[in-house]
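Worksheet: one structure, shown below.
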Amino acid sequence: MVTVGEALNRRADLQKRIAQLEERMRACVLVQEGEEPPERPGELLAELEAHCDELERLIGAINHTNASTRLATGETITEALARRDVLALRAGALRSAIRAASDRHAFPRLTRSEIRMVRQVQISDLQERADRHAKAQRQLDNALQEHNWTTALIE
């Protein structure tokens, strides 16, 4: 039985190997007249094609498994991944607003005639919301990790 976690690791490995093959091919496709390339481009291309074919099958199996299996909450893994991504997006946007509102350089006022900057948000409220989103994201990540290492890949 291959788990989703093992498939995700294999996917990452294939993506790295494909990137390395791309670099190796780049060094071989054009050489000075009379010189030999450091490796045979045809062999590298065949290896690249084989890895790409395996990666395509693997991504399909991972996506099929994620769409077909559910967490204890009842949502599919695909839905949970979307929710996790949006939680990260929300927390990141709030942290960005907190940084902007906390920027002490944005509030200097040297003379009475200069424009005064006034915060329009309560930083503590934004921080609380960002923390809530980050906590929910961590909890969801834990559930997804558990799923990945206990669920068989559907091939």
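Under 8 Å between Cβ atoms, at least 6 apart or on separate chains: pull out the pairs that start in the stretch 1-27 with a residue that is outside any helix (DSSP H, G or I) and end on any residue that is among the charged types (D, E, K, R).
2/155; 27/39
Regarding residue 61, is this residue in contact with a Leu (Cβ under 8 Å, 6 or more places away or on another chain), part of a helix (DSSP H, G or I) and within 30 Å of residue 146 (Cβ to Cβ)? Walk me through it before giving the result.
Details: in contact with a Leu (Cβ under 8 Å, 6 or more places away or on another chain): yes; part of a helix (DSSP H, G or I): yes; within 30 Å of residue 146 (Cβ to Cβ): yes.
In short, yes.
Do you know which residues across the stretch 68-109 are modelled with pLDDT under 95, of a type outside the set (A, V, I, L, M, F, W, C) and in contact with a Lys or Arg (Cβ under 7 Å, 6 or more places away or on another chain)?
Correct list: 109 only.
Residue check: is residue 17 among the charged types (D, E, K, R) and surrounded by 15 or more Cβ atoms within 10 Å (Cβ to Cβ)?
yes
Residue 81 versus (1) surrounded by fewer than 16 Cβ atoms within 10 Å (Cβ to Cβ); (2) in the same structural domain as residue 19 (by TED's automatic domain parsing): which is the lone unmet condition?
For residue 81, the exception is condition (2).
The values are calculated or read from the model by the stated rules, or taken from the named source; none is laboratory data. Keep in mind that this is a model prediction, so the values were computed, not measured. FYI the Cβ positions are ideal-geometry reconstructions off the backbone, even for glycines, and counts take in every protein chain you see.
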